[in-house]
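K.L.:
Take a look at this one; I'll ask things after.
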Amino acid sequence: MEDRAVILATVSSLARLQLRVHAKLAEARRMPNGVIWGGRDARWKVGELTPPSPWLDRAEAGEPLYNVLPRIALVQVYLLALLAEEEIDRRWACVALQHLAHSQAYWSAPVLRLASRFGITLGSRPWDETNGTGLLDAALPRRPRGGT
């Protein structure tokens with residue numbers, strides 16, 4: 001599959017995850033004291049998303065689920081920006097996708113699959129690829145302006 005098609009399929013799958021997370025956050029939850037909460041107050045955790053999402057395999061199970069939404073959106077923005085580039089930076093696509101895992105210590109399984117599909121070898125840890133820089137600190141890929 002061409003690089004652009006792989007990126008589009010990834011962004012599409014992340015959009016479906018985004019919808020699942022939104023749906024879970026909209027569910028009501030009965031708290032131990034009998035009070036029923038919804039949305040952020042329901043305190044849904046990543047580990048309570050059923051079925052579990054392979055995209056979140058390295059996210060901590062106890063992390064609030066609402067924390068995941070901005071990460072999904074940011075990864076989608078970066079991946080879509082890569083599509084505007086003349087040549088896809090395969091390594092950067094993997095680094096961007098790693099942001100979902102919220103870990104600089106270990107690569108997530110989806111990132112390792114993407115790297116394999118792209119035929120690239122990543123550093124032993126995400127830290128090795130980024131020197132600890134997170135996606136929030138990185139500039140978006142940009143196409144040159146002007147010219148034809």
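The values are calculated or read from the model by the stated rules, or taken from the named source; none is laboratory data. Just so it is clear, the model here is predicted, and its values are computed rather than measured. Ideal geometry is used to build each Cβ from the backbone, glycine not excepted, and the neighbour counts take in all protein chains shown.
K.L.:
Which residue pairs have Cβ atoms under 9 Å apart, sit 6 or more places apart or on different chains, and have a first residue in region 119-137 that is farther than 23 Å from Ile72 by Cβ and modelled with pLDDT under 80 and a second that is aromatic (Phe, Trp, Tyr) and surrounded by 12 or more Cβ atoms within 10 Å (Cβ to Cβ)?
P.N.:
none
K.L.:
Scan region 21-35 for residues that are more than 22 Å from Pro54 (Cβ to Cβ) and surrounded by 10 or more Cβ atoms within 10 Å (Cβ to Cβ) and report the count. Write out each step before concluding.
P.N.:
Our first condition is that a residue be more than 22 Å from Pro54 (Cβ to Cβ); within region 21-35, this holds for 26, 28-35.
When the remaining residues are screened for being surrounded by 10 or more Cβ atoms within 10 Å (Cβ to Cβ), the result is 26, 28-31.
Adding up the residues that qualify gives 5.
K.L.:
Next question, about the same structure. Examine region 59-68 for a residue that is outside any loop (DSSP other than H, G, I, E, B), out of contact with any Lys or Arg (no Cβ under 8 Å at 6 or more places or on another chain), aliphatic (A, V, I, L, M) and surrounded by 14 or more Cβ atoms within 10 Å (Cβ to Cβ), and state whether such a residue exists. Reasoning before the result, please.
P.N.:
Taking region 59-68 first, the residues outside any loop (DSSP other than H, G, I, E, B) are 64-68.
Filter again for out of contact with any Lys or Arg (no Cβ under 8 Å at 6 or more places or on another chain), leaving 67-68.
Those left that are additionally aliphatic (A, V, I, L, M): 68.
Filter once more, so that each one left must be surrounded by 14 or more Cβ atoms within 10 Å (Cβ to Cβ): 68.
Yes, because at least one residue in region 59-68 is outside any loop (DSSP other than H, G, I, E, B), out of contact with any Lys or Arg (no Cβ under 8 Å at 6 or more places or on another chain), aliphatic (A, V, I, L, M) and surrounded by 14 or more Cβ atoms within 10 Å (Cβ to Cβ).
K.L.:
Yes or no: Trp37 in contact with a strand residue (DSSP E or B) (Cβ under 6 Å, 6 or more places away or on another chain) and more than 23 Å from Arg125 (Cβ to Cβ)?
P.N.:
Working: in contact with a strand residue (DSSP E or B) (Cβ under 6 Å, 6 or more places away or on another chain): yes; more than 23 Å from Arg125 (Cβ to Cβ): yes.
In short, yes.
K.L.:
Please enumerate the residues belonging to region 49-58 that are assigned to a helix (DSSP H, G or I) and surrounded by fewer than 14 Cβ atoms within 10 Å (Cβ to Cβ). Spell out how you get there, then give the answer.
P.N.:
Going residue by residue through region 49-58, those that are assigned to a helix (DSSP H, G or I) are 54-56.
Of everything in region 49-58, just one residue is assigned to a helix (DSSP H, G or I) and surrounded by fewer than 14 Cβ atoms within 10 Å (Cβ to Cβ), namely Pro54.
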